[in-house]
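Nothing in this text is a laboratory measurement; each read-out follows from the coordinates by a stated rule. The structure displayed is predicted, hence computed values, not measured ones. Note: ideal-geometry Cβ built from the backbone for every residue, glycine included; neighbour counts use all protein chains shown.
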Amino acid sequence: MTVPGGGAPGAPGRNRVDPKKLLLGKWTAVVPRDREKHFLVVKVLDPDVAGAAPTHVHLEAVLSRRILTVRWRELEDAAVWKQGWVQVS
């Protein structure tokens, strides 16, 4: 089985993300956005279909408290997001 965007589940370059455990998760943007790199998942948006996985999450920037909405699957891309609040070069 392959994951859209390339690679197998759990493959190097991919973050393992459980949609049921997204809320209050900590994430670091590899490339800071407006000097913001540390984010907290403050809301998991419910899907249109009952019982389906969520599609989007609200990330709150720790620095400015600005809300960023992203597809939760984007968090799987380790080239864009790192799990936890980590130092990135």
Exercise. Taking neighbour Cβ counts within 10 Å as the exposure measure, how do D48, D34, D77 sort from fewest upward?
Worked result: D48, D34, D77
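What is the diffusion coefficient of the chain in µm²/s, taking the Kirkwood radius over Cα pairs and the Stokes-Einstein relation at 25 °C with a viscosity of 0.890 mPa s?
Once the numbers are plugged in, D ends up at 182 µm²/s.
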Exercise. For the charge dipole of region 22-83, defined by +1 on Lys and Arg C-beta atoms and -1 on Asp and Glu C-beta atoms about the Cα centroid, which residue among H56, A79, L45 has the Cα displaced farthest towards the positive pole?
Worked result: A79
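Lys pairs in the chain, Cα-Cα under 14 Å, at least 8 apart or on separate chains: how many?
Lysine pairs meeting the criterion: 6.
What FRET efficiency comes out for the pair D48/V70, r = Cβ-Cβ distance, R0 = 22 Å, nearest 0.05? Let's see the in-between values first.
Working: r = 18 Å, r/R0 = 0.80.
So the FRET efficiency works out to roughly 0.80.
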Exercise. If you rank E76, E60 by fewest surrounding Cβ atoms within 10 Å, what's the result?
Worked result: E60, E76
